[in-house]
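**Q** Got a structure here, written out as structure tokens. Questions coming.
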Amino acid sequence: MKKSRHLILFLCLLIGVTGCGSNQGADEAAGKNNEDGTHTLKLVSVFPSNHAYTRDVVPMWIDKVESEMENITIDWIGSDETIPVPEQFSAVQTGIADVGFNVAAYFGNEVPEAEFASLSPFTPSEERENEFFNYLSGVYEDAGVVYLGRWLSTFPFYFWSNDEVKTLEDFQGLSIRSNPVYHRSLEALGANPVAVVPSEIYTSLERGMVDGFGFPLLGPREDGWTEVTSYLINEPFFNQQAGIYINPDALSTLPEGSKEKLIDITAEFEKDMVDYFDEEINKEMKAVKEAGVELTTLSEEESREFQEIVYEAKWSELEESMPDAVKEVKEIFNQ
């Protein structure tokens, strides 16, 4: 035991780690206090700075924070090129980064309850009034971070296809690029979900390896996928489970009352974000049609059935792993 301690001490001295054996390294990682009295928080995001989802929205949040909180600056350190996306949540947990903009698909193993956000029928503002915000705050806290709010919410998924889909029967046998959010829903519709990373979607469509894909409205046209896609099934479903969270140690380095202030700022930001994406969706729908993608619609009766199928499949999936949580969240949603 003594030999081990001597070895650790020797290694600390050898590499010149002045804070070895203390929490100095963690303090430096968890928010940086500058000599001039300002505080710098490092922000990492699931998408890069030029992506349609983040290029405007992250700066909107940063500007609000920096303009309304004295002596605080946000350093957007990047995305996957800085910290691999699957590791970003743990990076904020451990203080490698201070603030995260991410989606639950990449940290569901840490906060499985975050998936409920995709099923929420409410706006972020309504969630703050009906206890769902408090529920999410609790499960994020259990995972070791502080939940501030949403950066993407009322922004649904769509199914895109190279086969014309005008009835529920038309889904039968289609091979659709999927992800865990709606994998079970595709199976319930009779389609075959196929795991394809976004970078391979264009090639998969071009070569006929898949008949279509699931994705929100923004992104496919910019990424060129609409060049090899014929139809957009105009049946939006689910919402995004995208959260903003901060390392609690970084938060503790900020002036007193900063947690409440950041939550209040994010609440206002959420309203701006909803308006922003509503406008972007309207513009993008027009652009997608101009790009040659044809919209198809289900009948009113089958539209209702479609929604029942995809939502019931998702609830059933979550109930298998979190029955008590499902019961609690449904009570909140049904208030």
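**Q** Considering VAL194, VAL181, which residue is free of Cβ contacts under 8 Å to residues at least 24 places away in the same chain and either surrounded by fewer than 22 Cβ atoms within 10 Å (Cβ to Cβ) or outside any helix (DSSP H, G or I) (or both)?
**A** VAL194
**Q** Another question about this same structure. How many of the residues in the stretch 228-242 are modelled with pLDDT of 95 or more and not in a loop (DSSP other than H, G, I, E, B)?
**A** Going through the stretch 228-242 one residue at a time, the tally reaches 8.
**Q** Something else now. For the stretch 71-95, enumerate the residues that are in a loop (DSSP other than H, G, I, E, B), in contact (Cβ under 8 Å) with a residue 24 or more places away in the chain and surrounded by fewer than 17 Cβ atoms within 10 Å (Cβ to Cβ).
**A** Residues satisfying the conditions are ASN71, ASP80, GLU81, THR82.
**Q** Exactly one condition in (1) over 30 Å from GLU169 (Cα atoms); (2) surrounded by fewer than 19 Cβ atoms within 10 Å (Cβ to Cβ); (3) out of contact with any Gly (no Cβ under 9 Å at 6 or more places or on another chain) is not met by SER252; state its number.
**A** SER252 satisfies all of (1) over 30 Å from GLU169 (Cα atoms); (2) surrounded by fewer than 19 Cβ atoms within 10 Å (Cβ to Cβ); (3) out of contact with any Gly (no Cβ under 9 Å at 6 or more places or on another chain) except (3).
**Q** Still on this structure, I have one more. Just the residues that are touching a helix residue (DSSP H, G or I) at 6+ places or on another chain (Cβ under 7 Å), assigned to a helix (DSSP H, G or I) and under 13 Å from PHE237 (Cβ atoms), please, taken from the stretch 291-310.
**A** GLU305, PHE306, ILE309, VAL310
**Q** State yes or no: is SER252 more than 21 Å from the chain's Cα centre (by Cα) and farther than 23 Å from ASN192 by Cα?
**A** yes
**Q** Another question about this same structure. Go through the stretch 190-214 and give me each residue that's small (Gly, Ala, Ser) and closer than 13 Å to TRP225 by Cβ.
**A** SER199, SER204, GLY212, GLY214
**Q** Which condition from (1) modelled with pLDDT of 95 or more; (2) assigned by TED's automatic domain parsing to the domain that holds ASP264; (3) surrounded by fewer than 19 Cβ atoms within 10 Å (Cβ to Cβ); (4) out of contact with any strand residue (DSSP E or B) (no Cβ under 9 Å at 6 or more places or on another chain) is the one that GLU113 breaks?
**A** (3)
**Q** When the stretch 38-70 is examined, which residues are found to be part of a loop (DSSP other than H, G, I, E, B) and either assigned by TED's automatic domain parsing to the domain that holds ARG221 or under 19 Å from LEU148 (Cα atoms) (or both)?
**A** VAL46, PHE47, TYR53, THR54, ASP56, MET69, GLU70
The values are calculated or read from the model by the stated rules, or taken from the named source; none is laboratory data. Since this is a predicted model, take the numbers as computed values, not measurements. For neighbour counting, all protein chains shown are included, and Cβ atoms are generated from backbone atoms with ideal geometry for every residue, glycine included.
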